[in-house]
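Notes to accompany the following structure.
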Amino acid sequence: MDAFNLLFAPQTNDLIETDCPDDSSVSEDEGAVFDVPSVQADPLTSSYTYHSPLPSALANNRGEPCILGVDEAGRGPVLGPMVYCICYCPLSRYEQVSKLGFVDSKTLKESHRESHFRLIQSHQENIAWSVRVLSPQDISWNMLKMNKYNLNAQAHDTTIELIRQVLIKGVNVTEIYIDTVGPPESYKAKLSKIFPGIKITVEKKADSKYPIVSAASICAKVTRDQVLKHWTFVEKELKSSKIFGSGYPSDPNTKLWLTNNMDPVFGFPRVMRFSWATCENLLKDRAVTIIWYHST
């Protein structure tokens, strides 16, 4: 099986076929549970995909032209998942969607991102979205294996597959806007060959220029935040903090977590991306050296 197929091979907890209606109602009342349907209850041991229901506006006209935006959350952190998201709506409703005021998730406080996410969920007649949650283990395994599958390639393939899955559902996507990974010109050329006939725009900071990409950035970021907030350690005897911080090594809370949660023999729990230089350097500096013997 090649790297692309491995990235999307269904696992026991893979939700690729999830299209069940979202029956979760998120109350804005104080003390209400913030429910994000793209976050699974089981420990994140393998990557999975979530699809929201199709916009009800497409129920009687599946062929109506649609606009689609792509963005990600968690590309740089040393721990937790990387989440890719597509968000789409009928072109005829895009002006209405744009007036909802979505902006780049990185410019919002957590509470404001959650408010924007609730807004997306309350407009399911116009807006749909899908996420691919790449587990830390899958990211690391792909990057550390003999035939390295780098992060850019994983990002491109994830985006391509999410778009394909929406097209397979019969959604008539006519315009795609993407916050670039790597040089925008070559990425656009690659996508145009795979999706001929679709207008494709690949730009830096697209998440701050196009509301449909901003909406995708919000769904991606909220999903990642909630996955980490509700992280379940598969290491049963581990008593580890879930105060991870942002996951970036420069974050004081992340630094503290890295310092306090490394075992000198076993290293870090599976929330860690072992392919990151930060992790490798910490293990080299502070972990016990292990010599592996084998017969020749």
Q.
From the list Asn147, Asn152, exactly one residue is open to solvent by 30 Å² or more (accessible area, probe 1.4 Å) and without any contact (Cβ under 8 Å) to a residue 40 or more places away in the chain. Which is it?
A. Asn152
Q. Limited to segment 164-183, what total is found for residues that are more than 20 Å from the chain's Cα centre (by Cα) and surrounded by fewer than 17 Cβ atoms within 10 Å (Cβ to Cβ)?
A. 6
Q) Does at least one position in segment 165-174 carry a residue that is under 25 Å from Gly76 (Cβ atoms) and of a type in the set (A, V, I, L, M, F, W, C)? A) no
Q. Among the residues of segment 75-90, which ones are farther than 21 Å from Gln121 by Cβ and in contact with a Gly (Cβ under 9 Å, 6 or more places away or on another chain)?
A. Gly76, Pro77, Val78, Leu79, Gly80, Met82
Q) What number of residues within segment 106-136 are in contact with a Ser or Thr (Cβ under 7 Å, 6 or more places away or on another chain) and either surrounded by fewer than 23 Cβ atoms within 10 Å (Cβ to Cβ) or free of Cβ contacts under 8 Å to residues at least 40 places away in the same chain (or both)? A) 3
Q) Taking Ile198, is it within 22 Å of the chain's Cα centre (by Cα) and either among the basic types (Lys, Arg) or open to solvent by less than 60 Å² (accessible area, probe 1.4 Å) (or both)? A) no
Q: Would you point out the residue of segment 210-253, among those that are open to solvent by 60 Å² or more (accessible area, probe 1.4 Å), touching a Lys or Arg at 6+ places or on another chain (Cβ under 9 Å) and of a type in the set (D, E, K, R), that is nearest to Glu95 (Cα to Cα)?
A: Lys229
Q | Residue within segment 60-69 that is out of contact with any strand residue (DSSP E or B) (no Cβ under 6 Å at 6 or more places or on another chain), open to solvent by less than 30 Å² (accessible area, probe 1.4 Å) and under 20 Å from Gln165 (Cβ atoms) present | A | no
Q.
Among the residues of segment 260-277, what is the count of those that are at pLDDT 90 or above and open to solvent by 40 Å² or more (accessible area, probe 1.4 Å)?
A. 4
Q) If you go through segment 237-256 one residue at a time, how many are farther than 18 Å from Ser135 by Cβ and at pLDDT 90 or above? A) 11
Q. Which of the residues spanning segment 85-103 are out of contact with any Pro (no Cβ under 7 Å at 6 or more places or on another chain), surrounded by 19 or more Cβ atoms within 10 Å (Cβ to Cβ) and in contact (Cβ under 8 Å) with a residue 60 or more places away in the chain?
A. Cys85, Ile86, Cys87, Tyr88, Tyr94
**Q.** Residues satisfying the stated conditions in segment 42-58, i.e. farther than 12 Å from Asn126 by Cβ and open to solvent by 40 Å² or more (accessible area, probe 1.4 Å)
**A.** Asp42, Pro43, Thr45
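The values are calculated or read from the model by the stated rules, or taken from the named source; none is laboratory data. A quick note: this is a predicted structure, and the numbers were derived from the prediction, not measured. Glycine gets a Cβ as well: all are built from the backbone with ideal geometry, and neighbour counts include every protein chain shown. Remember, those area values only see protein heavy atoms, side chains included, never the ligands or the DNA or RNA. Shrake-Rupley method; radii C 1.70, N 1.55, O 1.52, S 1.80 Å.
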